[in-house]
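Here's the structure, in structure tokens; my notes come after.
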Amino acid sequence: MDSLSNGAAAATIATRTTPITTTASPPSSKLAHLTESLKLEHQFLRVPFEHYKKSIRADHRVFEKEMSAVISGVTEAADADLSKDDAVHHLSSLVSKLQGLKRKLEEGSRIENLQAQRCRARLDHLESADVENLPDWNNTRLKRILVDYMLRMSYYDTAAKLAGSNNIQDLVDIDVFQEAKKVIDALQNKEVAPALAWCADNKSRLKKSKSKFEFQLRLQEFIELVRAENSMRAITYARKYLSPWGATHTKELQRVMATLAFKSNTECARYKVLFEPIQWDFLVDQFKQEFCRLYGMTLEPLLNIYLQAGLSALKTPYCYEDDCTKEDPLSQDNFRKLALPLPYSKQHHSKLVCYITKELMDTENPPQVLPNGYVYSTKALEEMAKKNNGKITCPRTGLVCNYLDLVKAYIS
Amino acid sequence: MELTTIKDTFDRVNKKQKLSSSKSQEVIDQVGREIEQALEKIQSADDPTSPFDQKSILTDLVLELNAIDPLHQLEGPQKELNLNLSKYQKLLERFFNPDISKAYRNVDFDLHIVNQILASHFYQEGLFDLGDSILNEAGEPEATVLKSQFLDMHQILEAARLRNLEPALKWASTNREKLKQNGSKIELKLHQLQFLDVLQKGTRADAVTYARTYLAPFYSLHKKEFQKLMCCLLWAGRIGSAPYPEITSPTHWENLTEELTREFCSLLGHSYGSPLGVAISAGIEGLPTLLKLVSVMSAKKQEWQAMKQLPVPVELGKEFQFHSIFVCPVSRDQGSEENPPMLMPCSHVLCKQSIMKLSKSGTRSFKCPYCPAEISVGQWRQLYF
């Protein structure tokens, strides 16, 4: 077991920056911990809000488009020389167009209300977190984290089951991921149409984030045309859909265009890889990333983020020993494997745990030392002495001594 | 907390959205009415309406619509709505940490291991269909052994809740040796409860038979308990009056589920609580500190990914303290096999290396850093936590 001294890294950090005061006043109360942990819930509130914004924007666009069409329809009719019947027909169609618009917007408004309700339900849920109902609230949080993981991994059935059995549908984003499912399923079936539709739907925001996802989709379609040896169609396709991206992504475009010269069974490694089915998997991954970014979600599943943080905070060299207590998650093989590449935790002050009671040995329950150097808590030793006529038996070495032979140790 | 401010801001957003919605409906109605009026005029005009009239009706309509200016009418409410939308978003970004993945390390997080951990978590919690479901959807092999172990446990617990101790007793006797090795008294306890139950509900004769068959083997190790139980025969049918509240108290039944779970898991070499739950709770408590740390170390991404030990402590609740960690108050080094903690006669504890330094490699006496005591050479002894 290596001695974990203040390594060079830690020392240089201490000298280069001002003393890190993050732990100057460790939050000892449960309430303080809870308040801090609520601040981690940005995704929880942001996702339904993005969904809400999206519906609002879509409705605005529909209104502008249809209303402009109606107005210009009227202007047309006024300028043209229509017969009475034509005029009546024309105006009637405009009226029904307006009625259609009205219905669409009513439906849109209904959906927006539901989404607003969901946003508010989540705000209420955060507000309801209290020290009294903490175990339940934490349990719900664990379930939310698990559902998030399963949705991202596309384990939709399990996600639905878990959310349904605990009535937390409002607190998780199953419907948002359903939208993603359509695109992902299609991509896995080597179809780009739903993905392209999604890009069109979110055009302005994708442009703002300088996304090249649409370009990658188009490239793949081009490759498929080349694979099918439809060179002429491929070139027409490229002219229409790839050239707009040429200026900003010249190298990639050139590389893919070059595949025209090769066939799909080319052995040339540089171009062979472009024909591999794994390119579709890349597209799925790329889509997942764009999707998460758009909705304000973290790129990694919440489970991974919290698990890494937890494992690192719990990791000590003692966890990997054979007699590590089973209550420590790091006594399990699975967790040990996951924690291998993570940094160890650090302590600035001694934290001692009684071997017998597993409780903390602090000023209220100070450690006491047997003649053989083994240490146990005062509580455990007092109880043992009471039941055994003042005699103490060390559970690890079997040494017997008197309670009066023990010495208190002062450890800060 | 600031949640009230956030809620108010959202309510404002919602209000603006409703305003915008109703305005657009209003405008649509206005435009619709004008067009319908024009339509009526054209339809109701005496035939033959000269095209010129029709034209003027239409031209008037265009003017009317221009006056209504529907697109412009919506501009105001929409602008206000957008303003409030971005206000709310900024508020969220201010009060909540917008990117909690900053502390994430790009290390290999094996998917298969995570899925297996999830499955065993579900099995431990008794959610067997969820465990099966995730292994199925993830394409992982079935965890039949683990599942059957927890299935057994939950069956025993279900029965115990209904005061049926048969499955529990069967399990206890099958695993008698191992339980005895671990110093567990669960089998005796189960028989105790069963005995008292028989005593309360049945005849004294039944109870005596029960005692002879099942309690007698425990006599040698647990004389006191055995004697108390036999005395309870005197209060058959009204156990509550027996002067042994510690044996007859109903809390034993209440705590039985928890005790059985603990014993069962401990026998399996498993933790009482779900390890996933513990690890994630630790993560939730520790992540804020890690995120602050990352932001302080901002430019040093390389160092963050490569560090072997966190540079600051992450304070967790005491339920997460599983190991004794000794930190020498002088050198701030953590205790280890090579550098163990040493107790000095003044009852203060330093690590071996600090003592070696102060005593000049064990050649000179020194003063304890924490009290006036003089420590002569060799007057220290190793501690074992």
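The values are calculated or read from the model by the stated rules, or taken from the named source; none is laboratory data. Not measured: the values here are computed from a predicted model. We place every Cβ from the backbone using ideal geometry, glycine too, and count neighbours over all the protein chains shown.
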Meets criteria (at pLDDT below 85, surrounded by fewer than 19 Cβ atoms within 10 Å (Cβ to Cβ) and facing another protein chain (nearest Cβ under 7 Å)) for A:THR23: yes
Test: residue in segment A:176-194 that is loosely packed, with under 12 Cβ neighbours inside 10 Å, basic (Lys, Arg) and part of a helix (DSSP H, G or I): no
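Identify all residues within segment B:170-185 that are outside any loop (DSSP other than H, G, I, E, B) and surrounded by fewer than 18 Cβ atoms within 10 Å (Cβ to Cβ); write none if there are none. It would help to see each step written out before you state the result.
Applying the first criterion (outside any loop (DSSP other than H, G, I, E, B)) to segment B:170-185 yields B:170-174, B:176-181.
Correct list: B:LYS170, B:SER173, B:THR174, B:ARG176, B:GLU177, B:LYS178, B:LYS180, B:GLN181.
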Residue check, B:VAL349 aliphatic (A, V, I, L, M), within 12 Å of chain A (Cβ to nearest Cβ) and in contact (Cβ under 8 Å) with a residue 24 or more places away in the chain: yes
Any hit, segment A:148-160, residues being part of a helix (DSSP H, G or I), of a type in the set (A, V, I, L, M, F, W, C), in contact with a Ser or Thr (Cβ under 6 Å, 6 or more places away or on another chain) and modelled with pLDDT of 90 or more: yes
Index of the failed condition, B:TYR88 passing every other in (1) farther than 30 Å from B:PRO288 by Cα; (2) surrounded by 14 or more Cβ atoms within 10 Å (Cβ to Cβ); (3) among the hydroxyl-bearing types (Ser, Thr, Tyr): (1)
Number of the condition not met by B:LYS301 [criteria: (1) more than 7 Å from chain A (Cβ to nearest Cβ); (2) touching a strand residue (DSSP E or B) at 6+ places or on another chain (Cβ under 7 Å)]: (2)
Close pairs from segment A:391-412: first on the phi > 0 side of the Ramachandran plot, partner of a type in the set (A, V, I, L, M, F, W, C) and surrounded by 14 or more Cβ atoms within 10 Å (Cβ to Cβ), Cβ under 7 Å, at least 6 apart: none
Failed condition for A:LYS84, given (1) more than 24 Å from B:ASN66 (Cα to Cα); (2) touching an Asp or Glu at 6+ places or on another chain (Cβ under 9 Å): (1)
Inter-residue pairs, beta-carbon under 7 Å, first facing chain A (nearest Cβ under 7 Å) and in segment B:267-291, second part of a helix (DSSP H, G or I) and of a type in the set (Phe, Trp, Tyr), 6+ apart: B:PRO275/A:PHE335; B:ALA279/A:PHE335; B:ILE280/A:TYR306; B:ALA282/B:PHE320; B:GLY283/A:TYR306; B:ILE284/A:TYR306; B:LEU287/A:TYR306
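May I ask you to list the residues in segment A:69-120 that are of a type in the set (Asp, Glu) and not in a helix (DSSP H, G or I)? Talk me through it step by step, then tell me what you get.
Step one: list which residues in segment A:69-120 are of a type in the set (Asp, Glu), which gives A:76, A:79, A:81, A:85-86, A:106-107, A:112.
A:ASP81 - this is the single residue of segment A:69-120 that is of a type in the set (Asp, Glu) and not in a helix (DSSP H, G or I).
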Residues being facing chain A (nearest Cβ under 7 Å), free of Cβ contacts under 8 Å to residues at least 40 places away in the same chain and in a helix (DSSP H, G or I) - total across segment B:90-113: 2
Identity of the residue in segment A:66-117, among the basic types (Lys, Arg) and farther than 30 Å from A:ASP173 by Cα, that ends up nearest to the other protein chains (Cβ to nearest Cβ): A:LYS84
Residue in segment A:212-220 that is surrounded by fewer than 19 Cβ atoms within 10 Å (Cβ to Cβ) and without any contact (Cβ under 8 Å) to a residue 24 or more places away in the chain present: no
Hits in segment B:226-271 - residues which are over 39 Å from the mean Cα position of the chain (by Cα), of a type outside the set (Gly, Ala, Ser) and either assigned to a helix (DSSP H, G or I) or at positive phi (or both): B:PHE226, B:GLN227, B:LYS228, B:LEU229, B:MET230, B:CYS231, B:CYS232, B:LEU233, B:LEU234, B:TRP235, B:ILE239
Residue within segment A:185-195 that is among the basic types (Lys, Arg) and under 14 Å from A:LYS288 (Cα atoms) present: no
Filter result for the condition that a residue is surrounded by fewer than 17 Cβ atoms within 10 Å (Cβ to Cβ) and either facing chain A (nearest Cβ under 8 Å) or over 13 Å from A:HIS349 (Cβ atoms) (or both), over B:GLU315, B:GLU337: B:GLU337
